[in-house]
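*Asks:* Would you mind keeping the following structure in view while I ask a few things?
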Amino acid sequence: MRLLPVLLLAALSSCLPAPAHADAAGGGVGASVASREVSAIRDAEHKRAMAVAGRDVEALRNLIGGEYYHVESNGRVRTKTEFLQALARDEFRLSNYGVDEMEITLVGGGRAAVVTGRFHAHMQTLHMVRQFRGRYVRIWTLHPEGWRNTLHQSTEIRPATTVPAGEPRNLPLQ
């Protein structure tokens, strides 16, 4: 297991009890800073979505941090270089990409953010095109040059399956 994701999550976990959006309710300077940072992250999320859909590797190179950790819905893990190479090689393509919901929580005194949400897209791989719906979590960290995406994980949303009454149901561990 790579050490960076563990350290990132441990650092963020220690900050979670006091999210910045709680400061925003109190007004004052903290609310202004939090509002500005949330807007900047929302803008970075939009730029990321457009860059992925347009396969704009250079834009993504500027939005993604050097220690990037990308977990796909099938469990595959990619580094920043591997992710950008997959886009450049046309191994997959997203079109009609849209975010259905997004929640941004600032942590670590506003130096990091956890972004969760739901999205939809047409996904084209080397062998097929299909409609894809998923949930995601991304961690963004603030650097001198701006917000950088350091972790991405997506999970596909699939329709629930049913088993007819009376038929045995195999559990995953059986």
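Just so it is clear, none of the values below were taken in a lab; they were calculated from the coordinates. Not measured: the values here are computed from a predicted model. Here the Cβ is made from the backbone with ideal geometry for all residues, glycine too, and neighbour counts use every protein chain on show.
*Asks:* Amide H neighbours of ILE157 under 5 Å, counting only residues 5+ apart in sequence or on other chains, H built in-plane at 1.01 Å?
*Replies:* Under 5 Å from the amide H of ILE157: ARG133, GLY134, ARG135.
*Asks:* Which of the peptides 124-130, 150-156 is most tightly packed, and how do the rest follow, judged by the mean count of other Cβ atoms within 10 Å per residue?
*Replies:* Details: 124-130: 9.7, 150-156: 17.9.
The packing order, highest mean first, is 150-156, 124-130.
*Asks:* Give me the one-decimal nm value for the distance between modelled label points at GLU167 and ARG36, 7 Å along each residue's Cα-to-Cβ direction.
*Replies:* Computed distance between label sites GLU167 and ARG36 equals 5.9 nm.
*Asks:* Quick one: which residues, 5 or more positions from GLY65 or on another chain, have an amide H under 5 Å from its amide H? H modelled 1.01 Å from N in the peptide plane, none for Pro or chain starts.
*Replies:* Residues meeting the criterion, in which the H sits 1.01 Å from N, are ASN149, THR150.
*Asks:* Skipping prolines and chain starts, which residues have an amide H placed within reach, meaning under 5 Å, of the one on SER73, given they are 5 or more residues away or on another chain?
*Replies:* Those qualifying (amide H under 5 Å, at least 5 residues apart or on another chain) are SER154.
*Asks:* Can you compute 3J(HN,Hα) from phi for each residue in the stretch 130-139, using the Karplus curve 6.51 cos²θ - 1.76 cosθ + 1.60 with θ = phi - 60°, rounded to whole Hz and x for Gly and Pro?
*Replies:* Rounded to whole hertz, the list is 8, 6, 10, 10, x, 10, 9, 9, 10, 10.
*Asks:* For the residues TRP147, TRP140, what sequence is obtained by ranking on other C-beta atoms within 10 Å, fewest first?
*Replies:* TRP147, TRP140
*Asks:* Also, quick follow-up: Taking R0 as 25 Å, what FRET efficiency do you get between HIS127 and THR81 from their Cβ-Cβ distance, rounded to the nearest 0.05? Working shown, then result.
*Replies:* Details: r = 24 Å, r/R0 = 0.96.
The computed FRET efficiency comes out at 0.55.
*Asks:* Set the Förster distance to 22 Å, then compute FRET efficiency between ALA49 and GLU91 from the Cβ-Cβ distance, nearest 0.05.
*Replies:* On the way: r = 19 Å, r/R0 = 0.84.
So, using R0 = 22 Å, E works out to roughly 0.75.
*Asks:* Please work out how much length the chain gains when fully extended from ALA59 to ALA160, using 0.36 nm per residue of separation minus the C-alpha to C-alpha distance, in nm with one decimal. Can you show the working numbers first?
*Replies:* Values: separation 101, 0.36 × 101 = 36.36 nm, distance 3.67 nm.
Here the answer is 32.7 nm.
*Asks:* Which whole-Hz ³J(HN,Hα) couplings does the stretch 40-49 yield from phi under the Karplus relation 6.51 cos²θ - 1.76 cosθ + 1.60, θ = phi - 60°, glycine and proline marked x?
*Replies:* Couplings: 5, 5, 4, 5, 5, 4, 5, 4, 4, 4 Hz.
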